Amino acid sequence: MASHFLNGQPFALLFRTFREKGAELYLVGGAVRDLLLGQKPEDWDFTTSAAPEQTIRFLQDAFPQHQPILKGRRFGTIGVDLSDSNRKMSFEITTFRKEDGYRDRRHPDKVAFQASVTDDVRRRDFTINGLWMDENGVVFDAVGGFSDLKRRTVRCIGEPKTRFAEDPLRKWRGVRFAAQIGGQMAPKTRAAILASPDTKGVSFERLREEWTKMLLNPNAAFALKELQALGLWDDLLGRLDTPEIGTLSQKNCESAETLPLDLEMRLAWLFQEAPDESRRLFLKRLRFSKKEIQKVAALMIFKEIDCTDIVAFKTLLREAGLSVFEQALTLQELRTPESPNNRSCLTQILNHREPIAYQDLAVGARDLMALGFQGKAVGGALERLCRLVYAHPEVNKKERLLEAAAKIANEEKV
Ligand code: ATP
Ligand code: MG
């Protein structure tokens with residue numbers, strides 16, 4: 001079952017090394033879940049009976065060219081990056097561990113290395129994340145994860161209330177996994193979140209990561225609605241102190257799902273009714289990058305693009321750049337499918353290579369300076385010439401633009 005993934009290098013070598021040293025090694029968690037769903041795992045987590053120091057030695061034997069990286073001795077996670085120019089390939093190996101009691105809700109108080117693989121999976125969040133696989137591709141299950149996966153059900157391992165109190169990030173993860181597997185949360189798991197949706201102590205970075213995964217998901221609408229239905233959304237707005245963002249409309253959530261899997265496009269779409277400043281603050285406080293926030297802001301031109309004013313249309317195109325402009329058109333088409341012929345107008349501009357950028361003008365800054373323009377006046381004149389050729393592309397000839405520039409010089413008495 002799915003064993004071909006494990007037979008391929010480098011896993012065959014990894015398994016053989018551990019077997020020959022007498023240690024147990026299994027693929028575990030999300031990777032097993034994804035393989036069973038026929039999806040390619042993004043990261044590969046292994047769990048082993050070997051102690052971290054042993055794991056390091058085994059890895060040095062098996063992959064002498066690659067230095068194992070300790071991800072935190074306390075939890076005994078060792079990472080190896082085997083990526084080269086042809087492929088990205090890294091994995092992590094963690095010693096079986098058993099956890100009981102959380103002091104700060106994130107870092108287990110006790111990590112016992114004398115644990116078995118079944119102890120190890122019982123500390124994991126959901127049954128579908130608690131499966132493990134041996135080197136022959138045989139899947140083992142101590143928590144009912146296999147049947148839950150078949151029924152597309154996200155269920156806590158153990159008592160939901162306790163598990164969510166230990167780590168409230170699991171509440172968001174639960175919604176995300178339900179969306180990713182195209183299923184639902186088990187009633188008790190869901191009810192525990194509904195009864196207590198708070199995420200106190202969870203960093204905004206981690207919530208943002210979960211939220212991004214929900215947005216870039218074929219079932220994004222389900223996830224967004226579920227966040228709101230469970231009170232997780234209001235909890236987030238409260239913690240970010242951005243209540244004015246309010247509820248995301250059902251209509252926007254549903255249509256967001258039909259957009260390309262592009263983070264900024266989906267964000268721009270979801271926040272299309274929010275005031276610019278509120279949207280910016282929300283994204284900033286949720287630790288989206290400056291670049292992402294600026295791109296979302298740039299995409300907001302989708303509400304303005306209108307080819308009936310060709311000068312304004314081309315100015316937006318120049319300011320936004322072709323790629324953002326095209327994405328904005330996609331957003332606009334979703335909002336107003338009957339909108340004017342903006343797409344064909346753009347195609348025409350591109351096909352006819354109509355001038356858009358300053359560099360496309362038949363005259364340059366040097367020509368203008370020769371006419372007496374200086375400093376800021378050069379930019380101002382270029383802008384006016386641009387607007388002229390936007391409306392009349394046929395005027396984009398050196399002679400005619402020099403003529404127009406002379407007129408501008410005259411008017412402005414340069
Ligand atoms: P993805 O990689 O898509 O986020 P994943 O299931 O691989 O999904 P990871 O965050 O990579 O999730 O974690 C790997 C495994 O570690 C999970 O499958 C789960 O078994 C366990 N795990 C991760 N986070 C938690 C948590 N907060 N509480 C308990 N177990 C967790
Ligand atoms: Mg993972």
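Please treat every number below as a calculation from the coordinates, not as lab data. Please read all numbers here as calculations on a predicted model, not as lab measurements. Neighbour counts are summed over all protein chains in view; Cβ atoms, including those assigned to glycine, are modelled from backbone coordinates with ideal geometry.
Sum -39500 (n - 2.57) across every DSSP H segment of at least 4 residues in the chain, then divide by the residue count to get the 222 nm mean residue ellipticity, nearest 500.
Helix contribution divided over all residues of the chain: -15000 deg cm²/dmol.
Arranged by the count of other C-beta atoms within 10 angstrom, fewest first, what order do 397, 314, 213 take?
Ascending Cβ contact count within 10 Å gives the list 397, 213, 314.
How do 296, 378, 32, 311 line up, fewest other C-beta atoms within 10 Å first?
311, 378, 296, 32
What ranking do 212, 258, 94, 55 get, fewest neighbouring Cβ atoms within 10 angstrom at the top?
Ordered by Cβ neighbours within 10 Å, fewest first: 258, 212, 94, 55.
Work out how much length residue 162 to residue 341 would gain on full extension: take 0.36 nm times their residue separation and subtract the Cα-Cα distance, in nm to one decimal.
58.8 nm
Of the listed pairs 171/213; 200/251; 98/200; 295/376; 188/225, which have alpha-carbon separations greater than 21 Å here?
With Cα atoms farther than 21 Å apart: 200/251; 98/200; 295/376.
Residue by residue, what Karplus-based ³J(HN,Hα) values in Hz, rounded to whole numbers, does region 44-51 have, using 6.51, -1.76 and 1.60 with θ = phi - 60° and x for Gly and Pro?
3J(HN,Hα) across region 44-51, in whole Hz: 10, 10, 10, 10, 9, 7, 6, 6.
Would you tally the net charge around residue 57, using a Cβ to Cβ cut-off of less than 14 Å, leaving residue 57 out, and scoring K and R as +1, D and E as -1?
Spelling it out: positives minus negatives among the neighbours equals -2.
Spin-label point model (7 Å from Cα, Cβ direction): what's the residue 244 to residue 151 distance in nm?
For residue 244 paired with residue 151, the spin-label model returns 4.6 nm.
What net charge is computed for the residues neighbouring residue 361, neighbours being all others with C-beta under 14 Å from the C-beta of residue 361, Lys and Arg scored +1, Asp and Glu -1?
Residues close to residue 361 contribute a combined charge of +2.
With +1 assigned to the C-beta of every Lys and Arg and -1 to the C-beta of every Asp and Glu, and no other charges, what is the dipole magnitude of the chain about the Cα centre in debye, to the nearest 20?
The dipole of the chain has a size of about 640 debye.
If the cut-off is 18 Å between C-alpha atoms, which lysines fall inside it for residue 314, apart from same-chain ones fewer than 8 positions away?
303
Net charge near residue 19: determine it from the other residues with C-beta under 11 Å of the C-beta of residue 19, scoring Lys and Arg +1 and Asp and Glu -1.
Local charge sum for residue 19: -2.
For the chain, find the longest principal axis of its Cα atoms and tell me its angle to the long axis of helix 52-62, 0 to 90°, nearest 10.
Around 70 degrees separate the two axes.
If pairing requires two Cys Cβ atoms under 4.7 Å apart, which cysteines of the chain are left without a partner?
156, 253, 386
Pulled fully out, how much extra length does the chain show between residue 292 and residue 365, if you take 0.36 nm times their separation in residues and subtract their Cα-Cα distance?
So the extension gain works out to 23.0 nm.
Taking the 0 to 90 degree range and rounding to the nearest ten, how far is the long axis of helix 11-20 tilted relative to the main principal axis of the chain, both from C-alpha atoms?
That helix lies at roughly 20 degrees to the long axis.
Just the number, please: percent antiparallel of the DSSP beta bridges in the chain, rounded to the nearest 5.
75 percent
May I ask you to compute the full-extension gain from residue 234 to residue 209, defined as 0.36 nm times their residue separation minus their alpha-carbon distance, rounded to one decimal in nm?
Here the answer is 7.2 nm.
How about residue 290: which aspartates and glutamates have a C-alpha closer than 20 Å to its C-alpha, ignoring those fewer than 8 places off in the same chain?
Within the straight-line limit of under 20 Å, residue 290 reaches these aspartates and glutamates: 205, 209, 210, 241, 262, 264, 276, 277, 319.
How far is the Cα center of region 375-392 from the Cα center of region 264-299, in Å?
31 Å
Considering the Cα positions of the chain, please state its Rg to one decimal place and its Dmax as a whole number of Å.
That works out to 28.6, 90 Å for Rg and Dmax.
Search the structure for amide H atoms under 5 Å from the amide H of residue 98, placed 1.01 Å from N in the peptide plane, and list their residues when 5 or more places away or on another chain.
Correct list: 112.
Using the crude model of +1 on Lys and Arg Cβ and -1 on Asp and Glu Cβ, and no other charge, please compute the dipole size for region 304-351 relative to its Cα centre, in debye to 20.
140 debye
Excluding same-chain residues fewer than 8 positions from residue 407, which aspartates and glutamates have a Cα within less than 17 Å of its Cα?
Correct list for residue 407: 367, 383, 399.
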